[in-house]
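Everything below concerns the one structure shown next.
Quick note: the coordinates plus some simple rules give every number you see, no bench work behind them. Keep in mind that what you see is a predicted model, and the values were worked out from it rather than measured. Cβ placement follows ideal geometry from the backbone for every residue including glycine, while neighbour counts extend to all protein chains displayed.
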């Protein structure tokens, strides 16, 4: 009996051994893309398309693994040793942190067009059907009786864009008066009854718990929510002006070199900029950087005046330090300074 | 020193087993925790104090310790009652109830948190009934306490249950035949015997509540100064890649929890001693 068990063990072991030897031989290459939460479906489609393209071009079979999670958490995983070949995160600040840890070369954001953001998005409002509180623009959010749902910008990288969009609007409206902008943002966050730790949490609060009149969300996530949860329940309102949310992508130099995957990783990122890649992004409600492709989807992704983080805030490092660091403007909203 | 140790142990295998124990404790507990000390040692004392005395952090300490205490005390009452029912009465479906007690152990806490929030939210089954009474049970400290009760209560039941099982009914009968009333029997006879176990259950439930993150973030609402628990503050710092600040808060948490646990262990030791001598 025990001999039989031993034999079985050896047999199973040998099978695994053959499989693992078999898979390491031949023209195969694998790639790890560490991304943030809402891009899961986008990259499932994109990876399929890229694998087919790459096989045709080089004869190599490529297996692309994806990892998703909160943007900041994903960046920390890479810093702690998750061997990502490419990262595709929600904000440049998180990639800067990976760069600071020595995995990515400085100046990474200049390596690819459009600030290394092949697709972009913006912040829009999701309201209940019929828009009962008549929310048309940012200043409607601070009207008495309007309750706003948005995640905590200190725990959610994506939600920092929401905050910055509100600030940028108020700053522009007051002709650059920072005190006025601060007042506006303070008033806005005072009308937030629940600060969830991430965007998906806020979505649940707004949709399942039916709390709040308006949800601040990334445009792609708002469209996804409407598609998944019913057109008869929610509407998307695009404000007069909003921020250009740029989720950047880049190569993790040390890991890609270690795996001998630099060439394929670079091709993978460049493929995001091709017509095919841009179309896949647009299909998942991101705004393609390529104007011709964007025009094809203009019915859905309405034209809106967009300002950039570099233009209004002088980049992520500055914005982070001023608004989200300890004792920064966001903390002051709650500690009353 | 070495000699005296050798003399004390009559059973063979003292040194190998102690060696394994120490190695295991070091790898699993001591070394990971000591990295917290090392990381926070990178801060100057002034910066350290600045971080741990920031208003938001102080508010979160008060909330975490307060809510955990309330939850643990509640669990002591409900847990002892439940253990009593499970040990002393026979009823159909008892085995099922017994098994249900362990569910909060097994369930991913995030699932528990989301389920509780769904039930207690103003449009949920229970929340709908509470709302007319003016009770709102989510996105405030009450919601946090509910989640902490949920994850902590098996500890009290499971520590008290075996002790109650061991406790002979005859002792109670003896007390009754000597003229003790029901309350007197419980207070003077049953309670002292289960007190050490109750204290253990309390400590476990309290300690578990202090560190709980998964279920609480869903029901808390995470409002700065109002409903941010300490583990969330630590996550907040990590999200900003401010690892020293995160470890500074963790450090305070660790020291405070350790002092509390020591204190309660001391109380427990004392109550156990009283039982033997008295």
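Data for the structure
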read-out	value
Answer from B:142, B:119, B:129, B:96 - the residue that is free of Cβ contacts under 8 Å to residues at least 24 places away in the same chain, touching a helix residue (DSSP H, G or I) at 6+ places or on another chain (Cβ under 6 Å) and either closer than 26 Å to residue A:207 by Cβ or not in a loop (DSSP other than H, G, I, E, B) (or both)	B:119
Condition met for residue A:332 (under 18 Å from the mean Cα position of the chain (by Cα), within 14 Å of chain B (Cβ to nearest Cβ) and under 30 Å from residue A:182 (Cα atoms))	no
Enumeration of residues in the stretch B:82-102 that are surrounded by fewer than 18 Cβ atoms within 10 Å (Cβ to Cβ) and closer than 25 Å to residue B:261 by Cβ	B:102
Those residues of the stretch B:257-268 which are surrounded by 12 or more Cβ atoms within 10 Å (Cβ to Cβ) and more than 14 Å from the chain's Cα centre (by Cα), in sequence order	B:267, B:268
Count - residues of the stretch A:204-243 that are within 14 Å of another protein chain (Cβ to nearest Cβ) and closer than 16 Å to residue A:153 by Cβ	1
Residues being surrounded by 20 or more Cβ atoms within 10 Å (Cβ to Cβ) and assigned to a loop (DSSP other than H, G, I, E, B) - total across the stretch A:150-179	7
Exclusive hit being within 14 Å of another protein chain (Cβ to nearest Cβ), crowded, with 22+ Cβ neighbours inside 10 Å and part of a helix (DSSP H, G or I), set B:234, B:249	B:249
Residue within the stretch A:314-322 that is surrounded by fewer than 19 Cβ atoms within 10 Å (Cβ to Cβ) and touching a strand residue (DSSP E or B) at 6+ places or on another chain (Cβ under 9 Å) present	no
Hey, residue B:76 surrounded by fewer than 16 Cβ atoms within 10 Å (Cβ to Cβ) and either free of Cβ contacts under 8 Å to residues at least 12 places away in the same chain or out of contact with any strand residue (DSSP E or B) (no Cβ under 9 Å at 6 or more places or on another chain) (or both) or not	no
Hits in the stretch B:110-129 (condition: more than 14 Å from chain A (Cβ to nearest Cβ) and surrounded by 16 or more Cβ atoms within 10 Å (Cβ to Cβ))	B:112
Of the criteria (1) in contact with a strand residue (DSSP E or B) (Cβ under 8 Å, 6 or more places away or on another chain); (2) in a helix (DSSP H, G or I); (3) more than 12 Å from chain B (Cβ to nearest Cβ), which one residue A:182 fails	(1)
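Residues checked against (1) touching a strand residue (DSSP E or B) at 6+ places or on another chain (Cβ under 6 Å); (2) buried (at least 19 other Cβ atoms within 10 Å of the Cβ):
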position: A:269; (1), (2): yes, yes
position: A:274; (1), (2): no, no
position: A:286; (1), (2): yes, yes
position: A:292; (1), (2): no, no
position: A:296; (1), (2): no, no
position: A:301; (1), (2): yes, yes
position: A:308; (1), (2): yes, no
